[in-house]
Amino acid sequence: MTREPRQRIPLDNAATSWPKPESVYQAVDDYQRTIGAPFARGGYDAAIEVQSAVNQCRAMAARLLGVGKPERVIFTFNATDSLNLAIFGLLRPGDHVVTSALEHNSISRPLRALEQRGTIELTRLIPDEGELLTVAQVKGACRPQTRLICLLHASNVTGTIQPIEAIGDFARERGIRFLVDAAQTAGVLPLSFDELPVDLLACAGHKGLLGPLGTGLLCLAQGLEAELEPIRMGGTGTLSELDVQPRSLPDRYESGNHNVAGLYGLRAGLQYLLDRGVQQIRDEELALMSRLRDELKTLSGIRVHGCQNSDRQIGVVSISSELYEPHTLATLLAQEYGIETRAGLHCAPGMHTWLGTKDTGGTVRMSSGPFTTPEQIDSTIRAMGELHKV
């Protein structure tokens, strides 16, 4: 007897967006079945088609993210890969870095590794009661040898958006490089990189940009290639006669075969965002998640974390329950109601230390996507109400 599939309510889009636009699945399948050529590795018809498709993907990413020159969009394999390139490629012995206690491990661990090696000195800032960092804090932490300020744009735990514009203005005034982790905001918030006081913007291709896993981006400010060393070297399909890494962009940072299937899917995801509009998607997500947040606040035994100003939030709601440990609550939501969330520390132990949730197993995070519906939010509110009846 065939079992009827359980209805899925995917509220784990902060980990990876799902579902994707149908065009993303079709693009990946079409590449795998009918094209199959590598990027920049041949002159036959299929290879030329791949060259065109990857170039289109880069141009569309530049358009969506406001990067004037597409070659300043570097393809990586995820936001972690982008952040590692930025951190290990930019920092030198004796440098000082300012970061925060709120960061994802994709920032915290590379910086900690360099600190342990004695390569850099590191200052970690604690936010104010509203979970926001201030220019005054950053200014007070900077030293003459400060090379880099490295901060998240929005928390993957609570969804709170940091004031990167104000902090970036200060960094520009002081001549300090500014790296922003936009894993949770690229494709979620309207962004114009060239208009932001940001030098490096690290993005995940598989979250708000709606591409497949295994895709990421790093946007570079003009002239940064003179300072940023590649951390992976090898074949680029160009200037093969040289025994040194090319200096031209984007080749300098894209050694090895690209995830072409992923980039075909990413191109389709970017086209969907360009057609529908990031601001429209944000408005719809914000309305849904604000309602979820407000309804959960009315339930007995529930604490909702994060900034209470909806304008400073993305579509993430993180909660603690007095009745259930986080993993137990997430399991009940999944098994009894088909609601897919993420429980735990979310690779951000410093954030949970600040929230006071680290020693109790973290939180349950619910995160929306472009295809989240009002009915799914209604079902989640009902499920949480049933589980927290007193």
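Which shape class applies to the chain: rounded if a/c is under 1.5, otherwise prolate when a/b exceeds b/c and oblate if not, where a ≥ b ≥ c are the square roots of the Cα gyration tensor eigenvalues? Taking the square roots of the gyration eigenvalues as a ≥ b ≥ c, the chain is oblate. The Cα center of the range 55-69 and the Cα center of the range 330-390 differ in position by 34 Å. Across the alpha-carbon set of the range 325-390, the Rg to Rh ratio works out to 1.01, Rh being the Kirkwood radius.
A convex hull fitted to the Cα coordinates of the range 142-294 yields 141 cubic angstrom per residue.
What shape does the range 45-86 take by its C-alpha gyration tensor, where a ≥ b ≥ c are the square roots of the eigenvalues and a/c under 1.5 counts as rounded, a/b above b/c as prolate, and the rest as oblate? Judged from the Cα gyration tensor, the range 45-86 comes out oblate (a/c at least 1.5, b/c at or above a/b).
The candidates H327, H258, H96, arranged from most to least accessible area with a 1.4 Å probe in the full protein assembly, appear as H327, H258, H96.
Stokes-Einstein, applied to the Kirkwood radius of the range 101-229 over Cα pairs at a viscosity of 0.890 mPa s and 25 °C, places its translational diffusion at 159 µm² s⁻¹. Listed by chain and number, the lysines whose C-alpha is less than 29 Å from the C-alpha of K389, apart from same-chain residues fewer than 8 away, are K297, K358.
Phi-derived couplings, Karplus 6.51 cos²θ - 1.76 cosθ + 1.60 at θ = phi - 60°, listed residue by residue for the range 192-201: 9, 4, 5, 9, 8, x, 10, 9, 9, 10 Hz, with x used for Gly and Pro. Dipole magnitude for the chain: computed about the Cα centre from +1 point charges on Lys and Arg Cβ and -1 point charges on Asp and Glu Cβ, it is near 440 debye. Under the membrane-span-like helix rule (DSSP H runs whose alpha carbons stretch at least 18 Å along the helix axis, mean Kyte-Doolittle hydropathy 0.0 or higher), the chain yields 45-65, 260-276. Of the GluC sites (Glu not before Pro) found in the range 172-273, those that fall in a DSSP loop while having at most 16 other beta-carbon atoms within 10 Å are E227, E241.
The accessible surface of the range 293-341, taken with every protein chain in place and a 1.4 Å probe, is 43 percent carbon and sulfur. For T341, the accessible surface of its heavy atoms amounts to roughly 30 Å² (probe 1.4 Å, protein chains only, rounded to the nearest 10). Just the protein heavy atoms count here, and of the accessible area of the range 1-108 at 1.4 Å, carbon and sulfur take up 52 percent. The residues of the chain have, on average, 42 Å² of accessible surface per residue, using a 1.4 Å probe with all protein chains present. Against the criterion of solvent-accessible heavy-atom surface with a 1.4 angstrom probe, Y253, Y44 sort, most first, into Y44, Y253. Globularity index of the range 250-295 is 1.79 (Cα radius of gyration / 2.2 N^0.38 Å, N = number of residues).
Taking other residues whose beta carbon is less than 10 angstrom from the beta carbon of L83, and scoring Lys, Arg as +1 and Asp, Glu as -1, yields -2. Sorting L122, L213, L179 by solvent-accessible area of protein heavy atoms yields L213, L122, L179, largest first, with a 1.4 Å probe.
The values are calculated or read from the model by the stated rules, or taken from the named source; none is laboratory data. All values reported here derive from a predicted model rather than from experimental measurement. Note that we place each Cβ from the backbone using ideal geometry, even for glycine, and neighbour counts take in every protein chain shown. For accessibility, only protein heavy atoms count, side chains too; no ligands or nucleic acids. Shrake-Rupley method; radii C 1.70, N 1.55, O 1.52, S 1.80 Å.
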